[in-house]
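The values are calculated or read from the model by the stated rules, or taken from the named source; none is laboratory data. No experiment lies behind these values; they were computed from the predicted model shown. Neighbour counts run over all protein chains shown; Cβ positions are idealised from the backbone, glycine included. Heavy atoms of the whole protein, side chains included, go into the accessibility calculation; ligands, DNA and RNA do not. Shrake-Rupley method; radii C 1.70, N 1.55, O 1.52, S 1.80 Å.
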Amino acid sequence: MGKKKKKDIIRLERESVIPIVKRKIISALTNRIEGRNEKDEFVKLCQRAEYMIRAWYLLHFEEMMQLYALFEPIHGDRKIEQHNLTPEDVDICERHFLNCLFQVMERSNFKITTDGEIDLDKKLFTKYFSKHPKDNLPHFADKYIIFRRGFGIDQMTAYFIKHKINTIIMRLWMLILTITGLKWLLFRKKKKRRRPQQPIDGDGLSRQEDPTTIGVNIDDMVDEDDDEDDLFVERIRIEKMPLSFSNLFGKVTIQEPTFDRIIVVYRRESSSDKKETERNMYVKHFKGIPMADMEIVLPEKKNPGLTPMDWVKFLVSALIGLATVVGSLSVKKVDIRVIFAILTSVGGYCVKTYFTFQSNLVSYQSLITQSVYDKQLDSGRGTLLHLCDEVIQQEVKEVIISFFILIEQGEATRQELDGRCEDLLKAEFGENCNFDVDDALQKLEDDNGKYRCVGLREANDIIGTTTEEVVLKATGGVAASTTDATTTTNLLDY
């Protein structure tokens, strides 16, 4: 029995995001409460909790948006001039904005990704991280930062004939380098540039050049202490696929994990002829980005080089031309016209191969542009506003679930409350997520390490009548005439 080929597995840790819409959570939890009055009090408490949390963050978000106005690409420089800010003042505002942005990212459960390299401004994040150090920063953190949240799986089924041929050529080339001992000489320096990472449950190949390990701790993937609910996804790539006559000319399925949401923050390298962009910051929001294609979210993308098939065409053409010329020179009577014709043909074929590659490169760039256009959700101020609302909605869900657990099951420690909330999400909604109990506990009071809650009516009395309720009561006539709009808003609630 042959040796079983190990698979390329990636562990995707459970996210701290609650994916269920807020309206569904409130409806499901309300149905578990007995008594009409208690149900009404719980719904009122959920509304007041959202009003309170929204007001809690209002000043923080407003300050962040005012700071970003100084760095947005359209009118940022003009506003800096209107405020008569010195370079030192702008530096302070810049660090303050980044500090607010990182807090919002953390509250939204976005995490910093790693890997990649690009020629961008290296001063923006260098100055920020010197004042606000963070652990496990990527080596490109001085140029740009990529935040990610959520995971998915992207699959594609096709013949991939060209990719298979390129893979076979590359494997033969690596075999030749290994036999001749040149592999160690050619690739020795490249391995020293990267941090050593060991493949887990893989096929023995190094992942040092692999950008798909972004945000995933490779060494901990098969740790005995890993959460049993973590998702393990197999990466199926042609480069690692065993090729044989059975699948060489048939359809195959490739599979790659994706990041559900990606946010990129960067600043372009300033130049003498573009003074107006020296302080501009770019914030872009993407969806469904495969881990292997992270470079498409970067502002300056690296173009691919010649494929193994292109190199084979060049080498074969050169060898044929050289052999023909040597054969022509070996005869007694050398015909210069024949040699010239041969060299012209070979040179023309090489030129044709090169221009074919250039044409494919243009098609590749067009494909990348279309992909970025389709996957980009928003940018600039729109992304920041989206993040602000994400923070509010996530914390509202956390508070509602935590309070409900305390009502239904009584007092609990931090660990007990965290586990009970996760059990509720799994049992009631079928969702496995890492409940972020710390955010919810900041809105609750503890008693000697244990958390308990007051009654629903008392909780509503403590919060009191909110400004939103006063406005809704004052505009009751208008609200009554807009029932359809209100119903639509409720149906589309987060």
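Computed quantities for the displayed model
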{"quantity": "Filter result for Gly116 (touching a Phe, Trp or Tyr at 6+ places or on another chain (Cβ under 9 Å) and either surrounded by 13 or more Cβ atoms within 10 Å (Cβ to Cβ) or at pLDDT 70 or above (or both))", "calculated": "yes"}
{"quantity": "Near pairs, Cβ below 9 angstrom, 6+ apart or cross-chain, from segment 426-455 (outside any loop (DSSP other than H, G, I, E, B) and open to solvent by 60 Å² or more (accessible area, probe 1.4 Å)) to any residue that is at pLDDT below 85 and not basic (Lys, Arg)", "calculated": "Lys426/Asp229; Lys426/Asn432; Lys426/Cys433"}
{"quantity": "Single residue of Ile74, Ile80 found to be open to solvent by 70 Å² or more (accessible area, probe 1.4 Å) and β-branched (Val, Ile, Thr)", "calculated": "Ile74"}
{"quantity": "Leading residue by the ranking (farthest from Ile400 (Cα to Cα)) among those in segment 52-62 that are over 26 Å from the mean Cα position of the chain (by Cα) and surrounded by 12 or more Cβ atoms within 10 Å (Cβ to Cβ)", "calculated": "Leu58"}
{"quantity": "Residue check, Glu94 open to solvent by less than 40 Å² (accessible area, probe 1.4 Å), assigned to a loop (DSSP other than H, G, I, E, B) and among the acidic types (Asp, Glu)", "calculated": "no"}
{"quantity": "Every pair of residues 6+ apart whose Cβ atoms lie under 6 Å, when the first sits in segment 3-15 and is surrounded by fewer than 18 Cβ atoms within 10 Å (Cβ to Cβ) while the second is modelled with pLDDT of 70 or more and of a type in the set (D, E, K, R)", "calculated": "Lys7/Glu234; Ile9/Glu234"}
